[in-house]
Every structure is written in structure tokens, then in C-alpha cells.
Amino acid sequence: MKTRSWLVLLITCATLPACLVNYDETTLVSVRHPSAVSVGVQGPNESRQWLIAAEGPPREAELPASRPPFSEVVRYAVAIRERSGAIRLDCPSCEGATGAIVVPAIGPIELRGSPSDTLRWPHQGLEMRFGHDARFPCRRGHGKCSREALALWLSTPAENVVEIRYRKLLTSGHGERAAAWISAFTGATFLGGGALLVGGSFEEHGPSGPAIALGSAAMLVGGFFLTVGILGVAAQDSETTVHRPD
């Protein structure tokens with residue numbers, strides 16, 4: 001039983017930093033010509049089923065009624081190539097998000113997630129995973145929660161890629177900043193209390209094994225929470241360039 005309790009404590013301590021510092025991650029891909037981007041979905045065995053070819057005329061293509069590309073339930077959705085070369089998504093039954101700009105005429109392609117989650121470099125160029133969120137009944141509790149409804153794959157030649165950037169924005173919708181300050185305060189309290197307990201055991205009656213052990217444990221826990229809290233308070237938004245052709 002003691003082993004299980006220590007395991008729960010260890011897992012809690014290991015995951016606490018992730019709870020205090022949460023980021024919205026976005027991969028930004030800038031391309032020279034939006035019209036040089038093709039659109040498709042994932043087919044069987046990780047294959048790609050391309051729906052709209054690059055450099056083609058304006059047209060629309062209905063997404064296949066299968067999962068993938070749909071993550072939750074099959075819906076009616078179409079990908080549309082506009083005259084400007086831009087690509088947009090139309091999903092009339094996607095609650096809370098009936099449409100999206102997949103490839104803008106001006107500006108970077110915005111992919112939700114890190115480069116390792118959204119990008120692939122096969123021999124023919126760059127492939128990008130574009131996820132589209134909608135609202136669904138929450139899996140726990142009541143109300144509606146935002147989750148991925150469907151995913152598209154985009155492909156473009158390597159020479160069409162101008163730059164890839166990785167953006168991390170701090171989230172604060174669930175009280176992460178307040179939790180970081182509480183963690184720092186709690187850590188400082190434990191650290192100070194443990195130091196007083198260890199120091200007092202030496203001054204009054206000489207070294208006391210139980211007091212030193214208890215004080216040392218308090219200092220260890222306090223140091224951890226203080227460090228995690230400081231990391232959470234000091235965390236900042238960031239945007240870095242991860243790829244730029246020479």
C-alpha cells in the first residue's frame with residue numbers, strides 16, 4: 001500500500017509542471033504560392049487520398065464519408081479551391097465552427113500542434129496535417145467541449161516553402177498563473193519551515209533524527225514546489241523559426 005501511495009505522489013509531482021505551464025502550440029508554414037498546395041485526406045494504411053490537386057482550377061471536393069478524415073462522427077464537409085489559390089473548408093454541421101481558412105491567400109498556413117505533430121517530409125516535398133475543431137458533448141460532465149472534428153492533409157513541393165515557425169502561447173483559462181503563484185508560495189513555506197525544523201533540532205537538544213528527517217523531507221518538497229512555481233510564473237510566449245531554406 002505504501003508503494004502505491006508513493007507511486008501516486010511521484011506521478012503527481014512529475015505531471016504538476018505540465019499543469020502549471022500549458023501552451024497553445026501552432027506551426028506556421030509560409031508558402032510562395034497557395035495554388036501550389038494540394039489537399040487530401042488520410043486513406044487506408046496511412047496512404048493519402050488527394051482531393052484537390054495543386055495548380056488546378058477553382059473547384060470543390062466533398063470529403064469522403066469515413067474516419068479518417070473525421071475524428072468523431074461523419075459529417076458533410078467540402079474543401080474549396082478559390083480563384084486566388086486559397087483553400088477553405090466548409091462544414092455546415094460542425095457546431096461552433098462551420099468553416100475555416102485552410103490555406104490563406106496571404107499569410108501563413110496555421111497548423112494546430114508542434115512541427116513534429118503536424119509536418120512530414122516525404123521525398124516529394126512537405127506534407128502538413130490540418131485539424132479542424134468543433135463542439136461536441138463533453139466526455140465528462142455536462143455541456144459542450146471543443147475537440148477535433150476532422151483532419152486534412154496538405155502537400156506542397158519543398159521549393160514552395162518559404163519559412164516554418166513554431167509558436168507557443170501560454171494558456172490561462174484554467175487558472176495556470178494563479179496555480180503557479182500558489183505553488184511558489186507553498187514551496188517557499190515548506191522550504192522555510194523545514195529549514196527552521198532542522199536548525200531548531202540542532203540548537204535545542206542536539207541533532208534529532210526524526211526532526212532532521214521531517215525537516216529534510218519538507219525542504220525537499222518545498223524546493224520542488226518552489227522551482228515548479230517559479231517556472232510557471234516566469235514562463236513566456238515564444239515564436240521560433242524552425243526551418244528556412246538557404
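Figures for the structure shown
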| read-out | value |
| --- | --- |
| The lone exception for G96 - which of (1) touching a strand residue (DSSP E or B) at 6+ places or on another chain (Cβ under 7 Å); (2) at negative phi; (3) in a loop (DSSP other than H, G, I, E, B) it fails | (2) |
| In the range 78-93, the residues that are among the aliphatic types (A, V, I, L, M), touching a residue at least 40 places away in the same chain (Cβ under 8 Å) and outside any loop (DSSP other than H, G, I, E, B) | A79, I87, L89 |
| Elements of type strands (runs of 3 or more DSSP E) contained in the range 99-139, each with 3 or more residues being not β-branched (V, I, T) | 109-112, 126-137 |
| The one condition in (1) in contact (Cβ under 8 Å) with a residue 12 or more places away in the chain; (2) in a strand (DSSP E or B) that C145 fails to fulfil | (1) |
| Every pair of residues 6+ apart whose Cβ atoms lie under 7 Å, when the first sits in the range 42-61 and is in the same structural domain as Q124 (by TED's automatic domain parsing) and modelled with pLDDT of 90 or more while the second is in a strand (DSSP E or B) and loosely packed, with under 14 Cβ neighbours inside 10 Å | I52/R59 |
| Wholly within the range 19-77, strands (runs of 3 or more DSSP E) carrying at least 2 residues that are among the basic types (K, R) and loosely packed, with under 13 Cβ neighbours inside 10 Å | none |
| Failed item in (1) in a strand (DSSP E or B); (2) surrounded by fewer than 17 Cβ atoms within 10 Å (Cβ to Cβ); (3) at pLDDT below 95, with V162 passing the rest | (3) |
| Total residues in the range 1-41, condition hydrophobic (A, V, I, L, M, F, W, C) and at pLDDT 90 or above | 7 |
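Rundown of residues vs (1) at pLDDT below 95; (2) in contact with an Asp or Glu (Cβ under 8 Å, 6 or more places away or on another chain); (3) not hydrophobic (A, V, I, L, M, F, W, C), yes/no style:
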| residue | (1), (2), (3) |
| --- | --- |
| L63 | no, no, no |
| V73 | yes, no, no |
| A86 | no, no, no |
| I101 | no, no, no |
| I109 | no, no, no |
| F130 | no, no, no |
| G141 | yes, no, yes |
| C145 | yes, no, no |
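The values are calculated or read from the model by the stated rules, or taken from the named source; none is laboratory data. Predicted, not measured: the structure shown is a model, and the values here were computed from it. Counting neighbours? That spans all protein chains shown, and the Cβs are built from the backbone with ideal geometry, glycine included.
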